[in-house]
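The values are calculated or read from the model by the stated rules, or taken from the named source; none is laboratory data. In this text, all values refer to a predicted model and were calculated from it rather than measured experimentally. Heads up, the Cβs are rebuilt from the backbone with ideal geometry, glycines too, and the neighbour counts pull from every protein chain shown. Remember, those area values only see protein heavy atoms, side chains included, never the ligands or the DNA or RNA. Shrake-Rupley method; radii C 1.70, N 1.55, O 1.52, S 1.80 Å.
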Amino acid sequence: MNTSIEEQIWLLLEEVKDPEVPVLSVLDLGIVRDVKVSDTEVPPLGGEGPKAAVSITITPTYSGCPAMDVISMDIRLKLIEKGYRNITIKQSLSPAWTTDWMTEEGKRKLKAYGIAPPNPKQQFCTTDMFREEAVQCPRCNSYHTELISEFGSTACKSMYRCLDCKEAFDYFKCH
Amino acid sequence: MSTRQLFAYVLQLADNALILGQRNAEWCGHGPVLEQDIAITNISLDLIGQARYLYQYAATLYNGFSVEEQHAVNALLPRPWKAFNRELQEDDLGMLREERQFLNLLITELPKGDWAQTTLRQFFFSAFQYLQYTQLQNSTDEQLAAIAEKSLKEVAYHLRWSSEWVIRLGDGTEESNRRITAALEELWMFTGEMFAPVAFETQAAQEGYGVDVASLKESWLNRVTTVFEEATLSIPKSTWAQSGGKEGKHTEHLGYLLTEMQYLQRTYPNAVW
């Protein structure tokens, strides 16, 4: 039912960007878990636009990430702009979001933007201390890099320095 | 199932996260170096985010209670909210409850002290929270299990970061060792409370939605021992422990913390931005 509307919603979601990393769409991030469209008899305000109720489930990246509230609002605004009025945005915590859900296209865009994309999570998501992760410099592609700080300017990033080209860069840490 | 106990259990988890999050946030702009200022405030943000999920859940539970059930938790509800004539919300629970209504562990409310005290406290708490949330993922309560699953990944980073700091300071210079040894003397007697269950925790563990905290002590001590060996610190001999936080009996420090944290909501009730 409503496959065409559902397809349109997915296309619209591609236009909603992460406010902190604006090259990534919410689909690249892998935070959209579900899109449901159902018919509704209630016409939208103003009488124009699709007669559909849209329910979107997203999952938060980090518990305290302020971008999540902005993302929910941006999704809502994007749909309103296209005439949808009956919109529900739900948050789902389980299964917990992981950087493994980021698309390959998303990782490519991140790197082009100057942020090292996340390594596969099994490599590093542990409580073991003083482990050095092989993170590739997004500029010169060297693996000869070092950690500056495990926490960066946003919850999802840590700070690295390339020991070859000497540039400091952000790493979207595995989660 | 006793809904009163469940409500208290959720609040206790939330209060731990909020109060420690608030304490750590005091470092914002005051960290020893920029990177570590950002690290501790990131941890703060994670904890406050976790507190939000838990307060949201507590509010949802309350709003779905029967009149009798609501009456049973009356003592835990914020007084100003009762005049609002609307459903309970997350901010009411965090920003309008009084000191004696908070159920957080005493260790979370102690002053931030110096960097040694902050990182050692974070280490003790994260090592505990990591074990607690690992078990809570198996909770019979779906929402608690989901919150634990989500939060655990963040806690793993907190634990690793704070463990490294304990080692760095303990096995660092004479001065850093002196500082962390002093912090250890100050904090140790507040660690026992984590593993001493109060009535609502015992009930929670029995009914399967909560964690048997006493059973976590051995694993916690193992982690502490491993880190302390690297840090050239020894576990204090004293086993005397101060408790009371989970029953609303706090140190003098909590009142000051709440006064600052709750100022806005108390001065401008229902303010939003």
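Please find, within segment B:65-113, the residue that is farthest from B:E252 (Cα to Cα) out of those that are among the aliphatic types (A, V, I, L, M) and loosely packed, with under 14 Cβ neighbours inside 10 Å.
Taking segment B:65-113 and keeping what is among the aliphatic types (A, V, I, L, M), we get B:67, B:72-73, B:75-77, B:83, B:88, B:93, B:95-96, B:103, B:105-107, B:110.
Going one step further and asking which of them are loosely packed, with under 14 Cβ neighbours inside 10 Å, we end up with B:67, B:75, B:83.
Numbers: B:V67: 35, B:A75: 21, B:A83: 28 Å.
Per the criteria, the residue is B:V67.
No other residue among B:E185, B:E174, B:E164 is free of Cβ contacts under 8 Å to residues at least 40 places away in the same chain and surrounded by fewer than 16 Cβ atoms within 10 Å (Cβ to Cβ) apart from B:E174. So, B:G31, is that one farther than 23 Å from B:P269 by Cα, surrounded by fewer than 19 Cβ atoms within 10 Å (Cβ to Cβ) and within 12 Å of chain A (Cβ to nearest Cβ) or not? Answer is yes for this residue.
So that you can scan it fast, the table gives a plain yes or no per residue for (1) open to solvent by 50 Å² or more (accessible area, probe 1.4 Å); (2) farther than 22 Å from B:L34 by Cα; (3) within 11 Å of chain B (Cβ to nearest Cβ); (4) assigned to a loop (DSSP other than H, G, I, E, B):
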position	(1), (2), (3), (4)
A:N119	no, yes, no, yes
A:T127	no, yes, yes, yes
A:F130	yes, no, yes, yes
A:R139	yes, yes, no, yes
A:S142	no, yes, no, yes
A:L147	yes, no, yes, no
A:S153	yes, no, yes, yes
A:M159	no, no, yes, no
A:D170	no, no, no, no
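In segment A:66-83, is there at least one residue being assigned by TED's automatic domain parsing to the domain that holds A:D28, closer than 21 Å to B:H158 by Cβ and of a type in the set (V, I, T)? No: zero hits.
When B:S238 is tested against (1) touching a Lys or Arg at 6+ places or on another chain (Cβ under 8 Å); (2) over 30 Å from B:R86 (Cβ atoms), just one condition goes unmet, and that condition is (1).
For segment B:255-265, does any single residue satisfy the condition of being within 16 Å of B:F125 (Cβ to Cβ) and modelled with pLDDT of 95 or more?
Filtering segment B:255-265 down to residues within 16 Å of B:F125 (Cβ to Cβ) leaves B:257.
Filter once more, keeping what is modelled with pLDDT of 95 or more: B:257.
Looking through segment B:255-265, at least one residue is within 16 Å of B:F125 (Cβ to Cβ) and modelled with pLDDT of 95 or more.
Checked against (1) touching a residue at least 60 places away in the same chain (Cβ under 8 Å); (2) closer than 30 Å to B:F228 by Cβ, A:L147 passes all but a single condition, namely (1).
Taking the condition open to solvent by less than 20 Å² (accessible area, probe 1.4 Å), among the hydrophobic types (A, V, I, L, M, F, W, C) and either over 30 Å from B:L76 (Cβ atoms) or more than 16 Å from the chain's Cα centre (by Cα) (or both), does B:A231 pass?
So B:A231 passes the test.
Look at segment A:67-94: where a residue is touching a residue at least 60 places away in the same chain (Cβ under 8 Å) and a partner is outside any strand (DSSP E or B) and open to solvent by 50 Å² or more (accessible area, probe 1.4 Å), sitting 6+ places away or on another chain with Cβ atoms under 7 Å, you get A:A67/A:P19; A:A67/A:E20; A:K78/A:E15.
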